[in-house]
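Novice: Dumping the structure here so I can ask a few things about it.
The values are calculated or read from the model by the stated rules, or taken from the named source; none is laboratory data. Owing to the predicted nature of the structure, the values given are computational and were not obtained by experimental measurement. Positions of Cβ are backbone-derived with ideal geometry, glycine not excepted, and every protein chain shown enters the neighbour counts.
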Amino acid sequence: MLTIYEFHAGELKPRSGKSAGKAPITDEAVWLDLLDPTPEEESKVEKALKLNVPTREEQQEIEASSRLYQEDGALFMTASVITQSEQAETKMTPVTFILAGNRLVTVRYAEPRAFAIYAARCNRAEPDLRSGVNVLIGLIETIVDRLADFIERIQADVDVLSHAVFDIKGGAATRQRRFDVVLKSIGREGEMSSKARESAHSLGRLLTFFAYAAQERKVGKALQSRIRTATRDVNSLTDQVSFLSSKIIFLLDATLGMINIQQADIIKIFSVAAVVFLPPTLIASIYGMNFRHMPELDWWFSYPLALGLMVLAAVLPYLYFKRKGWL
């Protein structure tokens, strides 16, 4: 779908659907948003702006030379953006920003929430919407804000996991089941932090490239200041998500250590039980022998004596282990 944002009376007016597909791209068009575009829509934009729109396969290339470059005076910048951040299954999608003269073209095959947020508030937030550069930096700032919210949610989840690992109550079976859940949660948070770090890293590279290009084009100091501010924000987010990744690894190691401690406790209980019941078993084995001449067989108190010896042989090791602090 092609959405054309035109500048009229100090505001950006969107045109989408059939009206955008049939109408020509006028001089008032500032932002051309290609969402899962058809070949006809791509061809229309390419003819109007005299550039080649990257294909979906080209967007997914990971080398910097394929993601950040200049061609025929236009800037091509691709970043990995998080989408479906509010859902359990968070995904990554490449988004290409093309700055051709005074126009911005965005190419995407998913719907990151940042685009809808910026489109709804750009008329209030941007001082000058006649320039595609302003729209571009505004979009990037919105994406960075959404990424910061996503990282804050990861941090809150990691804090909950930390309490789950180090403040677990209940019986051994309950703890073991909870540790299974904690391990799955740690794996999910690790995957989410990895995606957040990848997105922050790609945005950082894009902003660095954009900053050099802005200096070459001698854009206004206010825009350059916004680019530097966004770069600092992305760098701080990268540091934060690196810290969260380290904490997640620590929680994983701690959880595995807790599981090993539980397993050791269970094995210790079985070992102590085996030692405690070994003397009674020995006594029962002796008096279970089928020898003809056993003096105790003729005693009237032999049965109570054997039972008493077995109880005593079980209680004494238990008391000894308890005194030593092994139980």
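Novice: Could you grab the pairs with beta carbons closer than 9 Å, sequence gap of 6+ or different chains, first residue in region 155-176 and outside any loop (DSSP other than H, G, I, E, B), second one modelled with pLDDT under 80 and aliphatic (A, V, I, L, M)?
Specialist: Here the result reads A172/I266; T174/I168; R175/I168, each pair linking region 155-176 to a residue that is modelled with pLDDT under 80 and aliphatic (A, V, I, L, M).
Novice: Assuming K44 fulfils every condition listed in (1) under 27 Å from F150 (Cα atoms); (2) in a helix (DSSP H, G or I); (3) at pLDDT 85 or above apart from one, which condition is it?
Specialist: (1)
Novice: Tell me whether region 274-282 contains one or more residues that are modelled with pLDDT of 75 or more, more than 14 Å from P317 (Cβ to Cβ) and of a type in the set (A, V, I, L, M).
Specialist: No, every residue in region 274-282 fails to be modelled with pLDDT of 75 or more, more than 14 Å from P317 (Cβ to Cβ) and of a type in the set (A, V, I, L, M).
Novice: Can you spot a residue in region 189-204 that is more than 25 Å from V158 (Cβ to Cβ), out of contact with any Asp or Glu (no Cβ under 8 Å at 6 or more places or on another chain) and of a type outside the set (A, V, I, L, M, F, W, C)?
Specialist: no
Novice: Do we find a residue being in contact with a strand residue (DSSP E or B) (Cβ under 8 Å, 6 or more places away or on another chain), among the basic types (K, R) and farther than 30 Å from N102 by Cα anywhere in region 204-215?
Specialist: no
Novice: Can you say whether V219 is more than 21 Å from R67 (Cα to Cα), in contact with a helix residue (DSSP H, G or I) (Cβ under 9 Å, 6 or more places away or on another chain) and not in a helix (DSSP H, G or I), as far as the supplied structure shows?
Specialist: Judged against the criteria, V219 is a match.
Novice: Considering each of F250, F301 in turn, give the residue that is of a type outside the set (A, V, I, L, M) and outside the structural domain of K195 (by TED's automatic domain parsing).
Specialist: Going through F250, F301 in turn, just one is of a type outside the set (A, V, I, L, M) and outside the structural domain of K195 (by TED's automatic domain parsing): F301.
Novice: Same structure again: Looking at K44, K50, K91 in this structure, which one is touching a residue at least 12 places away in the same chain (Cβ under 8 Å), of a type outside the set (A, V, I, L, M, F, W, C) and crowded, with 17+ Cβ neighbours inside 10 Å?
Specialist: K44
Novice: Can you go through G190, G204 and tell me which one is closer than 17 Å to E89 by Cα and either in a helix (DSSP H, G or I) or not hydrophobic (A, V, I, L, M, F, W, C) (or both)?
Specialist: Residue meeting the stated conditions: G190.
Novice: Name the residues in region 223-254 that are without any contact (Cβ under 8 Å) to a residue 40 or more places away in the chain, closer than 13 Å to E141 by Cβ and small (G, A, S), would you?
Specialist: S225, the sole residue that qualifies.
Novice: Looking at region 201-220 only, could you name the residues that are more than 13 Å from V133 (Cα to Cα), among the charged types (D, E, K, R) and without any contact (Cβ under 8 Å) to a residue 24 or more places away in the chain?
Specialist: Residue satisfying the conditions is E216 alone.
Novice: Taking the stated definitions as given, is A222 modelled with pLDDT under 85 and surrounded by fewer than 13 Cβ atoms within 10 Å (Cβ to Cβ)?
Specialist: Against the criterion (modelled with pLDDT under 85 and surrounded by fewer than 13 Cβ atoms within 10 Å (Cβ to Cβ)), A222 qualifies.
Novice: Could you run through region 62-88 and say how many residues are surrounded by fewer than 16 Cβ atoms within 10 Å (Cβ to Cβ), on the phi < 0 side of the Ramachandran plot and not in a strand (DSSP E or B)?
Specialist: Going through region 62-88 one residue at a time, the tally reaches 8.
Novice: Please go through region 21-38 and pick out each residue that is at pLDDT below 85 and outside any loop (DSSP other than H, G, I, E, B).
Specialist: Passing the criteria: G21, K22, A29, V30, W31.
Novice: For the condition under 23 Å from the mean Cα position of the chain (by Cα), closer than 15 Å to P112 by Cβ and either crowded, with 21+ Cβ neighbours inside 10 Å or at pLDDT below 90 (or both), what is the one hit in A148, A164, A196?
Specialist: Only one candidate qualifies: A196.
Novice: Quick check on region 89-124: of everything there that is assigned to a loop (DSSP other than H, G, I, E, B) and small (G, A, S), which residue is farthest from F210 (Cα to Cα)?
Specialist: Filtering region 89-124 for residues that are assigned to a loop (DSSP other than H, G, I, E, B) and small (G, A, S), the one farthest from F210 (Cα to Cα) comes out as A110.
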